[in-house]
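For reference, the structure is listed below as structure tokens.
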């Protein structure tokens, strides 16, 4: 789990914070916007991708015990690609769980489905078998289908932060899509 996230976290950590409580609107290139309800006490950072690649929205606490929520609203590589079905999304998340399982405490990683305001998603949770000092112990990772967007997400926490995972999943369930001319993030 460490190697998969290290580069993303380093790039994300280098950007400045912004106060983000309440509904926030994030441009997704020329594809419009995504809207997230960010809890009080959380701040956001956006990692801008080069060219037409999707941005990553990062959420973390303004103070206190650290955690990280990384949300990347992407899209299909071809404009005429079929819409992602619930079964296909679950298979993708299950495949990701299979790749992580070798580094996890758990022998099996259950995939959980959820319905959202404007879409549907699935996720799994894993415990890092050997986290290094300063690394996160727990990871919840999954995907959300939101109209034409394929949103991938990762929630990183430590002991006693189960409520953070529940809040983050709630944010994802309430995530909405707004069409219109976005201009970068």
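Values quoted throughout were computed directly from the atomic coordinates according to the rules given, and no laboratory measurement underlies them. None of the values given here were measured: they were computed from a predicted structure. All Cβ positions, glycine included, derive from the backbone under ideal geometry; neighbour counts span all protein chains shown.
Below is a table of values for the structure above.
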| read-out | value |
| --- | --- |
| Of all residues making up segment 124-137, the number that are free of Cβ contacts under 8 Å to residues at least 40 places away in the same chain and within 14 Å of the chain's Cα centre (by Cα) | 1 |
| Failed item in (1) in contact with a helix residue (DSSP H, G or I) (Cβ under 8 Å, 6 or more places away or on another chain); (2) buried (at least 17 other Cβ atoms within 10 Å of the Cβ), with residue 115 passing the rest | (2) |
| Residues located in segment 151-184, provided they are touching a helix residue (DSSP H, G or I) at 6+ places or on another chain (Cβ under 8 Å) and within 15 Å of residue 70 (Cα to Cα) | 151, 153, 154, 155, 156, 157 |
| Failed item in (1) under 17 Å from residue 28 (Cα atoms); (2) touching a residue at least 40 places away in the same chain (Cβ under 8 Å), with residue 147 passing the rest | (2) |
| Those residues of segment 49-77 which are under 16 Å from residue 30 (Cβ atoms) and loosely packed, with under 12 Cβ neighbours inside 10 Å, in sequence order | 50, 51, 52, 53, 77 |
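Every residue, every condition in (1) within 24 Å of residue 162 (Cβ to Cβ); (2) in contact with a helix residue (DSSP H, G or I) (Cβ under 7 Å, 6 or more places away or on another chain); (3) in contact (Cβ under 8 Å) with a residue 24 or more places away in the chain, yes or no:
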residue	(1), (2), (3)
23	no, no, no
28	no, no, yes
35	no, no, yes
47	no, yes, yes
52	no, yes, no
63	yes, no, no
73	no, no, yes
81	no, no, no
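Residue-wise test of (1) surrounded by 14 or more Cβ atoms within 10 Å (Cβ to Cβ); (2) within 29 Å of residue 64 (Cβ to Cβ).
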{"site": "100", "(1), (2)": "yes, yes"}
{"site": "103", "(1), (2)": "yes, yes"}
{"site": "120", "(1), (2)": "yes, no"}
{"site": "123", "(1), (2)": "yes, yes"}
{"site": "133", "(1), (2)": "no, yes"}
{"site": "141", "(1), (2)": "yes, yes"}
